[in-house]
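Worksheet: the structure to be examined is printed underneath.
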Protein chains: 2
Amino acid sequence: MRPNSTRPGSAELYRVFEHIDANKDQFISRLLDYLRHPSISAHNVGIGEVAELLVNTLKRVGFEAQTFPTSGHPMVMGRWERAPGAPTVLLYGHYDVQPPDPLEAWISPPFEPAIRDGRIYARGAGDNKGQHFAQILAVESYLAVHGRLPCNVLILLEGEEEHGSPNIADFVRTHRDLLKADLVVTADGPLHESGRPIITYGVRGIVSFELRARTANHDVHSGNFGGVVPNAIWTLVHLLGTMKNADGQITIDGFSDDVVAPSGVECSTAARLPLDPEDIKRSLGLTRLDSPVDRPLADRLMFHPTLTINGFHGGYGGPGPKTIVPHEAVVKCDARLVERQAPDDVLDKIEAHVKRHAPDVQFIRLEGMLPSKTPLDSRYSELLQRAVRTAHGVEPFIYPSLGGSLPDYVFTKILGTHSFVVPYANADEANHAPNENIKIECFLNGIRTGAALFDELGQWGDES
Amino acid sequence: MRPNSTRPGSAELYRVFEHIDANKDQFISRLLDYLRHPSISAHNVGIGEVAELLVNTLKRVGFEAQTFPTSGHPMVMGRWERAPGAPTVLLYGHYDVQPPDPLEAWISPPFEPAIRDGRIYARGAGDNKGQHFAQILAVESYLAVHGRLPCNVLILLEGEEEHGSPNIADFVRTHRDLLKADLVVTADGPLHESGRPIITYGVRGIVSFELRARTANHDVHSGNFGGVVPNAIWTLVHLLGTMKNADGQITIDGFSDDVVAPSGVECSTAARLPLDPEDIKRSLGLTRLDSPVDRPLADRLMFHPTLTINGFHGGYGGPGPKTIVPHEAVVKCDARLVERQAPDDVLDKIEAHVKRHAPDVQFIRLEGMLPSKTPLDSRYSELLQRAVRTAHGVEPFIYPSLGGSLPDYVFTKILGTHSFVVPYANADEANHAPNENIKIECFLNGIRTGAALFDELGQWGDES
């Protein structure tokens with residue numbers, strides 16, 4: 001049924017690559033159009049509109065597409081299943097974006113995409129619109145050239161990933177049959193700093209929470225009441241001091257009990273990665289890496305949990321001094337989790353710790369997500385590596401885990417499917433920060449990678 | 001020259017009291033007018049206007065009055081010196097006010113004075129406009145009834161007390177001759193919670209500073225960089241943890257080296273004060289007093305330095321979670337000082353401590369003020385106590401020191417003059433906080449106290 005092909009990449013695939021090259025200007029322009037639509041899940045802005053826009057886009061491309069309501073924001077799903085006998089890949093992405101503040105730090109406004117120096121700047125450019133839009137264009141390009149895909153493709157786009165994916169687990173449990181696939185591939189996160197592609201086999205989990213201290217019914221004068229009225233900020237400072245020490249060790253009672261040490265293969269795979277602390281220090285203007293100082297870079301990102309303060313706000317922040325004892329303060333935190341930490345259990349432990357060390361402080365659970373791992377010797381490893389190599393022209397790096405969190409556990413732990421993250425964005429995409437961007441070259445390589453993956457899956461289907 | 005008088009209070013004084021009673025409505029209305037004029041030194045709002053307004057008010061009352069420029073905001077000074085041979089009292093106050101934020105917490109707007117339940121609500125009502133305006137009205141009332149004062153009165157009103165009084169020391173050094181007085185009396189701060197008047201013989205000093213951490217050139221994703229990029233908030237949390245422990249002990253190296261323990265008389269005087277922790281806990285909604293737990297209330301306010309975090313701001317503070325590693329954060333602090341801590345030396349020690357424990361953190365000196373003490377056996381003790389008793393009808397409490405800071409050291413340490421603080425505002429004046437207020441009864445008692453003080457000084461002058 002399919003023309004003879006030699007690896008890397010079939011002849012069929014190279015005709016798709018030519019189509020991508022010939023259409024890159026309109027692809028860029030269509031991505032800019034997409035990025036003009038804000039879809040901020042944390043603020044419930046633009047979600048419904050963008051979900052609808054995606055369904056229409058998927059239909060125009062050739063998918064059967066619809067939204068699925070959840071208790072939160074709708075899931076968008078597209079299906080192309082006209083390759084009987086061929087394997088099925090489920091592509092996951094998310095159409096919601098982070099809040100854009102601080103707005104004043106953006107060179108061009110976050111929802112008015114601008115091209116500068118070969119990059120597209122906009123909120124969502126890298127995380128994740130530019131990446132899943134590349135997947136959609138890979139399908140479109142393959143269909144435009146060949147009128148069909150060599151494998152079956154499901155696409156699932158979530159509307160609240162930046163808000164902790166609170167409903168995807170329920171959705172996956174309920175729609176298990178609709179999501180039946182041989183493997184899951186997610187384009188999210190950044191390439192290696194060198195520009196080399198990567199394939200990731202896992203993600204860290206996450207929990208988010210708030211700590212709120214309230215020590216009096218209003219702020220009081222630091223002279224008339226200093227030393228008398230407890231200070232909400234000091235209360236949180238001292239509590240936080242019991243949760244992680246200056247050496248970087250998380251000291252919440254029981255927090256690390258369930259952490260499973262990485263396997264020998266995971267360690268050696270991670271050790272082969274050319275992660276250079278000096279590159280990161282240079283690009284981010286760091287004078288040092290975070291404590292503990294003696295930890296290899298790969299281990300920091302993959303094998304250790306974190307406890308991050310995302311924000312601390314209390315008392316006076318205006319110009320000049322203001323001599324008050326602040327009566328309330330709020331800290332927002334997240335913790336990245338590794339196998340086999342479980343969010344509910346970790347939150348229970350943090351809550352118990354807070355109760356023990358600062359019983360007056362209010363603990364507010366925000367969200368949680370399990371970590372996920374696919375074995376490094378998965379049967380899809382080789383074909384994925386070939387697809388990425390074909391699209392990029394270089395060998396991908398293999399990451400046992402990403403530092404970030406994606407709801408991959410719903411695929412690995414609920415569906416029992418192998419799941420891979422194949423990022424398309426540049427390492428300095430500035431996701432979750434002002435001036436988020438994607439390099440145009442990365443976006444186009446993303447489209448090529450999607451197409452190459454379909455090509456490989458078609459051939460693998462023939463062989464299997 | 002003066003009619004025969006019996007203590008407490010001369011017949012002459014009681015006629016002044018009658019005048020005050022007869023004119024209270026117009027006094028209140030004129031205070032409201034005064035409070036309508038913002039004069040926020042930290043924001044440089046309304047200062048010049050209010051200084052001019054005060055000069056005109058003082059002239060109308062009968063003072064020679066003028067402003068004196070400083071490197072900052074002008075001093076306002078009034079002189080009534082037509083009582084040769086009688087003693088001279090210098091009344092000190094400040095016409096600047098604290099910033100009014102958070103505005104949304106005010107029941108009525110801070111610069112639209114409102115009367116509710118016998119209180120005048122406005123920024124500056126208690127701190128300090130209501131109090132020095134009472135002094136001015138005491139002079140006006142005495143002059144209205146008798147055409148003269150029984151003593152000489154100088155009034156000095158500063159425009160940057162809420163901004164740390166950065167120029168008063170230079171002003172006092174330069175204008176030593178203009179400020180020659182037998183004693184200094186300041187109406188500022190609150191009465192005892194019971195409403196009983198107090199006389200204070202000292203104040204704590206103060207230093208203010210900022211700590212600024214900047215760990216990267218922008219915020220980064222807590223997954224992609226958590227555990228790798230140092231967190232500006234954790235940096236400050238751990239630094240602050242080295243500065244004061246959870247037991248309330250200030251642990252900055254050398255901070256308390258120069259602290260002089262209070263004398264036996266100071267201790268016994270303080271111990272006689274009916275300071276009830278339960279009253280404070282009830283009125284401010286506290287569940288506990290600040291650490292250390294075993295310290296008597298009077299000692300907390302008078303004999304121990306403090307280290308207060310006035311504000312902590314960094315990272316995300318909006319709704320929902322935001323998974324970032326914040327790259328910058330700012331902490332504002334003040335420390336109240338006791339005899340014989342010196343601001344420059346204390347700031348040097350804090351700076352050295354910061355350099356040692358967190359060399360990347362920027363230390364910014366904001367301001368400093370020396371503590372001050374007048375001996376409890378001052379020759380003016382008795383007359384002051386009589387004046388206050390006469391005006392209030394009850395015995396005043398004697399405080400060896402205030403918890404707050406006033407630039408009293410310029411009088412005690414530069415001029416060598418005994419200096420007393422005789423507060424007029426209610427204990428729950430909410431100074432430096434939303435809904436600042438002064439009880440009308442306190443304001444009127446303040447006018448009476450001023451008049452009684454002049455009366456006593458006139459008689460003391462006769463005897464001396």
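Values quoted throughout were computed directly from the atomic coordinates according to the rules given, and no laboratory measurement underlies them. Note that this is a predicted model, so its numbers are computed, not measured. Cβ sites come from the backbone with ideal geometry, for glycine too, and all protein chains shown count toward neighbours.
Tabulated data for the structure shown
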{"read-out": "Separation in nanometres of the label points that stand 7 Å from Cα toward Cβ, at residue A:117 and residue B:259", "value": "5.3 nm"}
{"read-out": "More than 18 Å apart - percent of Cα-Cα pairs taken over the range A:263-356", "value": "66 percent"}
{"read-out": "Three principal axis lengths of the range A:223-315 [C-alpha, angstrom, descending]", "value": "61, 35, 19"}
{"read-out": "Rounded to 5, percent antiparallel among DSSP beta bridges of chain A", "value": "70 percent"}
{"read-out": "Tail fraction, Cα-Cα pairs, the range A:101-258, threshold 20 Å, whole percent", "value": "74 percent"}
{"read-out": "Rounded to 5, the percent of DSSP beta bridges in the range B:86-211 classed as antiparallel", "value": "20 percent"}
{"read-out": "Trypsin sites (Lys or Arg not before Pro) lying in DSSP loop within the range B:26-132, provided at most 16 other Cβ fall within 10 Å", "value": "B:36, B:82"}
{"read-out": "Shortest-first nm distances, residue B:299 label point to equivalent points in other copies (7 Å, Cα→Cβ)", "value": "4.8"}
{"read-out": "Net charge, residue A:355 excluded, C-beta distance under 14 Å - Lys, Arg +1, Asp, Glu -1", "value": "0"}
{"read-out": "Cross-link partners of residue B:413 among aspartates and glutamates (Cα-Cα below 13 Å; sequence separation of 8 or more within a chain)", "value": "B:170, B:339"}
{"read-out": "Kirkwood-based Rg to Rh ratio, the range A:1-106, C-alpha trace", "value": "1.06"}
{"read-out": "For the range B:367-464, Kirkwood radius (reciprocal of mean inverse C-alpha pair distance, Å)", "value": "15.1 Å"}
{"read-out": "Coil-residue trypsin sites (Lys or Arg not before Pro) of the range B:364-442, DSSP, other Cβ within 10 Å capped at 15", "value": "B:379"}
{"read-out": "Estimated distance in nm for a label pair at residue A:352 and residue A:196, the labels positioned 7 Å out from Cα along Cα-to-Cβ", "value": "4.3 nm"}
{"read-out": "All-pairs alpha carbon distance profile, the range B:167-300, 5 Å steps from 0, percent", "value": "2, 6, 9, 12, 13, 13, 13, 10, 8, 6, 4, 2, 1, 0"}
{"read-out": "Cβ-based net charge around residue B:238, under 14 Å, with every Lys or Arg adding one and every Asp or Glu removing one", "value": "+1"}
{"read-out": "For the range A:315-356, diffusion coefficient by Stokes-Einstein and Kirkwood Rh (Cα), 25 °C, 0.890 mPa s, µm²/s", "value": "180 µm²/s"}
{"read-out": "Cα→Cβ-extended label distance, 7 Å offset, between residue B:103 and residue A:143, nm", "value": "5.4 nm"}
{"read-out": "Calculated label separations, residue A:14, copies of the chain, 7 Å along the beta-carbon direction, nm", "value": "11.7"}
{"read-out": "Sequence-distant lysines (8 or more away, or on other chains) whose Cα lies within less than 27 Å of residue B:24", "value": "B:59, B:129, B:439"}
{"read-out": "Restraint check, B:281/B:332; A:244/A:373; A:332/A:355; A:281/A:373, Cα-Cα greater than 19 Å", "value": "B:281/B:332; A:244/A:373; A:281/A:373"}
{"read-out": "Rg to Rh quotient for chain A, alpha carbon positions, Kirkwood Rh", "value": "1.00"}
{"read-out": "Across the identical copies, how the residue A:25 labels are spaced - nm, sorted shortest first, 7 Å along Cα→Cβ", "value": "8.3"}
{"read-out": "Between 0 and 90°, nearest 10: helix B:129-146 axis offset from chain B longest Cα axis", "value": "10 degrees"}
{"read-out": "Relative contact order for chain B, counting Cα pairs under 8 Å that sit 6 or more residues apart, in percent", "value": "26 percent"}
{"read-out": "The protein assembly as shown - Debye-derived log10 I(q)/I(0), Cα point model, q = 0.05, 0.06, 0.09 Å⁻¹", "value": "-0.40, -0.53, -0.89"}
{"read-out": "Mean residue ellipticity (222 nm) of the protein assembly as shown, computed from DSSP H runs ≥ 4 via -39,500 (n - 2.57), nearest 500", "value": "-10000 deg cm²/dmol"}
{"read-out": "P(r) tail fraction, the range A:25-81 - alpha-carbon pairs more than 16 Å apart, %", "value": "50 percent"}
{"read-out": "Principal axis dimensions, largest first and in whole angstrom, of the range A:213-265 by Cα", "value": "62, 20, 14"}
{"read-out": "Calculated FRET efficiency for the pair residue B:178/residue B:49, C-beta based, R₀ 22 Å, to 0.05", "value": "0.35"}
{"read-out": "Dimensions (Å) - the range A:380-426, Cα atoms, principal axes, largest first", "value": "34, 23, 15"}
{"read-out": "Shape metrics for the range B:414-458, restricted to C-alpha atoms - Rg then Dmax, Å", "value": "13.8, 40"}
{"read-out": "Between helix B:47-61 and chain B: long-axis angle, C-alpha atoms, 0 to 90°, nearest 10", "value": "10 degrees"}
{"read-out": "Computed log₁₀ I(q)/I(0) - Debye formula, equal Cα scatterers, no solvent, the range B:344-402, q 0.23, 0.28, 0.29 Å⁻¹", "value": "-0.95, -1.13, -1.16"}
{"read-out": "DSSP beta bridges in the protein assembly as shown [antiparallel fraction, %, rounded to 5]", "value": "70 percent"}
{"read-out": "Inter-centroid distance (Cα atoms) of the range B:47-72 relative to the range A:88-114, Å", "value": "56 Å"}
{"read-out": "Neighbourhood net charge (14 Å Cβ-Cβ; Lys/Arg +1, Asp/Glu -1) for residue B:381", "value": "-2"}
{"read-out": "The range B:307-427, Cα convex hull volume normalised per residue, Å³", "value": "152 Å³"}
{"read-out": "Filtered GluC sites (Glu not before Pro), the range A:128-168: DSSP coil and at most 13 other beta carbons within 10 Å", "value": "none"}
{"read-out": "Equivalent ellipsoid semi-axes, the range A:91-146, via Cα gyration tensor eigenvalues times 5, rooted, Å", "value": "27, 14, 6"}
